[in-house]
């Protein structure tokens, strides 16, 4: 993906997040699209299986890159095209640790105190809805803002950006579709609002771009 296109997407995510900060009812309106018959439509064994795949796949990809790097160091005859550089592996590990790890799960989800949709009164829960900027909700830990699974899913742009140039744009586009699909599924489960998903995508894409520029000095 070209740098201009990438940062345009980041800008659109920021605008969407700002819009939901000015109009918090938009979060409730989108959540109601997934609410039917007194339950969120995403609940079910099939969706749960898909969710598990979406949750574990980014970590499996990171582990695969680490394995390929280790294997290449141990066996010099291993084809070089299959061996990521140390900088590439550091880029993947650091962007995962700082984005989905520290900023999302370590800070925001623990400090935002935002109840999830399924926990709010509008959707049969006991707690009061809070806009994305109000950090005074009743959730104690692992709260709604922002979506950890969505952040990890959008992190997949990082390994996609290491694909060979002929297929890189397609790989990045596929990673973005994967991230969006995971975000929609989390909303269908009643686990997150739209602003939680947009915020997670924004953080993940920003951190990936920043770490890539710092370590690899190439464009996204």
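Taken together, the values in this text are just the output of simple stated rules run on the coordinates, not laboratory data. The shown structure was predicted, so the numbers you read here are calculated from the model rather than taken from an experiment. Don't worry about glycine lacking a Cβ; one is built from the backbone with ideal geometry, like all the others, and counts go over all protein chains shown.
Numbers for the structure displayed
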quantity	calculated
Helix 86-96 vs. the chain, principal-axis angle (Cα, 0 to 90°, nearest 10)	0
Cα-only radius of gyration and Dmax that characterise the stretch 1-50, units Å	16.0, 44
FRET efficiency, 1/(1 + (r/R0)^6) with R0 35 Å, evaluated for residue 30 and residue 90 via beta carbons	0.40
Cα pair count fraction exceeding 21 Å, expressed as % - the stretch 68-168	52
With 5 Å bins from 0: P(r) over the chain, alpha-carbon pairs, percent	1, 7, 14, 18, 18, 15, 11, 7, 5, 2, 1, 0, 0
Degrees, to the nearest 10: 165-188 long Cα axis against longest axis of the chain	20
Tilt relative to the chain, helix 194-215 - C-alpha long axis, 0 to 90 degrees, to 10	20
Surface/4 estimate of mean projected area, convex hull on alpha-carbon atoms of the stretch 1-93, nm²	9.8
